[in-house]
Each structure stands twice: as C-alpha cells, then as structure tokens.
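Participant: Okay, handing you the structure first.
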Amino acid sequence: MDPFAVSHFSNVALLQDAKALVALGRKTSAMLLSRLIEIEDRKLHLRSGHPSMHAFCVRELHLSDGAAYKYINAARAARRFPAILVEVYEGRLHLRAVLMLAPHLPHGNAGELMAAAAHKTAEEIQLLLAQRFPRPDVPERLQSIPLPPPQPPIPAQWPAGPGRELAPGQAFVTTPEQLPRKPTSEERVDQPVSRSRLAPLAPDRFELRLTVDGETQDLLQRARAFLSHQLPTREIAAVLKNVLRFFVSHFEQRRYAATGRPRAPQRASTSSRHVPASVKRAVRERDGDQCAFASEEGRRCSSRTRLEFDHIEPLSRGAVSTVENLRLVCRAHNQWAAECAFGPSSWSGSSWRKSATGAATRRRAPTLFGPPTAAGCRASCAAGSGACCAASRVRR
Ligand SMILES: [Zn+2]
C-alpha cells in the first residue's frame, strides 16, 4: 500500500489522519527524549566516536542542527523534570514550549507552570512567562549599523561544462527562464512573523527591536521634532505611540467610517456598491475586526488582517448593502470561497477575471460560502462532490 496515497480519503478521514500522525510524532518525540537522556548518561555518544551530543544527533541520528539543539536541551530539561516527558507524550507541550519553560521551572511550581502552558502557542507562553517572571524595561537606543559589503551578483544558473569561464569584459546574461520562479499562490507559504523582536517583558511592557532605513530614521526624527512640545523628553516609545494612534485613527476612519460623532443612519443604497458609513460601523462592531468565517464545528477564523467587506447575497441578485447582508472576511477565505464557486482560475488577487472556460466574469468576489456552482465544485473538489463548499458557513 502506498503510504502517501491520500486522494481517496474523505475530508473527515484526512483531517483525522493528520491529527493521528501529529499525536504519533509527539509520542515519538517524548520517547526520543528519554533515549537521549539515557544515551548521554551512559556517554554512548563518546563511545560512538562523537565529541558531543550535538555531533551525535547530527551525524549519527541525522537530525538537523536546529532539531538536535531542541531535542538535546529538552532532554536535559526532562532529566531534571521528568514530568516533561509525559507532557510531551500526551501532546500538552511541544518542544519549543519545553525550551521556553525550562529556565523557569526551578524557580516556581514546575507542575503548575507546565499545566498553565498546556496547548499554548509559543507567543502565548511568552506572555505567560512575562506575567509570572517580569523583566525590567530595556534601555531605549537608536544607533547606526554599518552596511554589509556589497555581494557580487550570483547568476541563477551557471552554465555547466568546460570552456564556459568568462573572459575579461565578457558578460554573463541570465535569461528570464533562468531566474528563480515566483511561487504561485498555492505554493506560497506564509512566512512566520518574527516574534522575537516584539517580546513581552512584563505585564503591559514589551521590548521592540527593529532595523530601519535612512528615510524611516529621518521621519522618526521629524516626528520627534513635531511632537517636542507635547513630549519634551522625545522618547521614541512615546513618539511611536502618538504616531501609531494617529495612523490607526486615520485608517479606521477611512475603512470603517469610524467617528466620534456618527450621523443618523442612511437608507441602504440599491443602485451601487456603496456601503453607507453607518452600515460599515455596525458590521465592524458586530464582527469585531476579525474574519467572520467559522468552520462547521464553530471554530472562527482568527485572521485580523486583509479583511474585506463581503456581500452575503450578491448585489447582482438584487441584494442591498445592509448590516445583515454584509460581513468581514479575510482574503484567504474570500479566495477559497471564490475557488469553490468558480474554480481555481477565477481569482486574480483583488478581482475576478474570466476563468479558463470563460464561464465567470465579475469584477468582484461573489457571495462567500453560499451555494457553489457545480462547475466550481468539480474544479475545486477532488471528489467532485462539492463537500468542501457545503461544509462552510459564516456564523454570527
Ligand atoms: Zn478568514
């Protein structure tokens, strides 16, 4: 049996299988930790001819550098606090959590701390640790960093074979085909946001570290000068807070018509895509600046970025822009629903374009999560049943 053949799985079976594999991986991780403890205690890594546990893990077990570091340090923590093995085995703590908790376990109730961190993300554990083990504020610092020396351009693909070295004055031309291919939307993977640069220190205190270019530095200095009357100390943190307040207020006004003095609600427009300001405000308040998509199990999408107003019932069917007929959804769910309805080729970033079959031509996304077309389901669902589309509803 091909262990990688999964196209015949139902959606439910596929999700259950993935969860079972993750659970198996956690059990394997915990068992590996116990083996690493014993290997180090018996000094088998030295007996095997490796100078360190890290070298043993990389060269003998063929772990990556990063994985070796995680496993060795988690194993050493588990040697001191064996309950870690059970927490990892039963899936309550991941290895990153173990590494984050390890320095703090000797300074408090280890069992209670591990229980508080159960099933939490790394970011949530950072906050938890900042509340329980507060650190002092870091000193404010604005310094210039020398630029790295310029690197010579590297051709995308160096021609192979003898006699291809460049003569003096000869140029190497990279054709468009040789340039690194831009990933498609399906291939693109969301890059994790670097959390380490915005780290909690204590309750309501965060450390922010960043590198900016010359223009940003100049803008910052000008903002400090403009605010020097209100903020005589000109602290960067206070300047940044004022600038961000102004920025957020400006965009809330533009996008959601936010105002401290709202006018009486206007009548819903039936002739255009115009969304009255009072409706924007009400939809935003109801959906709470968060994507309104919810799974069948009721799990709501956590996205608070790239939100768009969506008409539940499209205007083309005579619907109007009312609070009841609008919702906020993220771009990913907008696109996914579009692909369910019209096929993968129907979405081109912010608007609709004609699909390969020429079936759908719209300038804007249609109703989300509504009944998909049969053609859309065939194009999008492996089984052609349209189950992926029917499985999603927005819950309010
Ligand atoms: Zn979403």
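Please treat every number below as a calculation from the coordinates, not as lab data. Computed from a prediction, not measured in an experiment: that's the story for all the values here. Here Cβ is always computed from backbone atoms with ideal geometry, including for glycine, and neighbour counts include all displayed protein chains.
Participant: Among HIS8, HIS45, which comes first, second and so on when ranked by fewest other beta-carbon atoms within 10 Å? Don't skip to the answer; put the middle values down first.
Facilitator: Numbers: HIS8 9, HIS45 22.
The most exposed by this proxy come first: HIS8, HIS45.
Participant: About the Cα centre of the range 226-326, what is the dipole size in debye to 20, counting +1 per Lys and Arg Cβ and -1 per Asp and Glu Cβ, all else neutral? Before the final figure, lay out the partial values.
Facilitator: Numbers: 18 positive and 11 negative charges, 91 e Å.
Using only the charged Cβ atoms, the result is roughly 440 debye.
Participant: Sort ILE125, ILE84 by Cβ crowding within 10 Å, fewest neighbours at the top. Before the final figure, lay out each step's value.
Facilitator: On the way: ILE125 20, ILE84 25.
Going from least to most buried by this count: ILE125, ILE84.
Participant: Additional query: Excluding VAL86 itself, what net charge comes from residues whose Cβ is under 13 Å from its Cβ, given Lys and Arg +1 and Asp and Glu -1?
Facilitator: Details: positive: ARG26, LYS27, ARG92; negative: GLU87, GLU90.
Once positives and negatives cancel, what remains is +1.
Participant: Order these by the 10 Å Cβ neighbour count, fewest first: SER295, SER321, SER278. Please list the in-between numbers first.
Facilitator: Numbers: SER295 12, SER321 20, SER278 16.
By the 10 Å Cβ count, ascending: SER295, SER278, SER321.
Participant: Among the aspartates and glutamates, which have Cα under 15 Å from the Cα of LYS280 when same-chain residues fewer than 8 positions away are ignored?
Facilitator: Of all the aspartates and glutamates, those that pass the test against LYS280 - Cα under 15 Å, at least 8 places apart if same chain - are GLU252, ASP289, GLU308, ASP310, GLU324.
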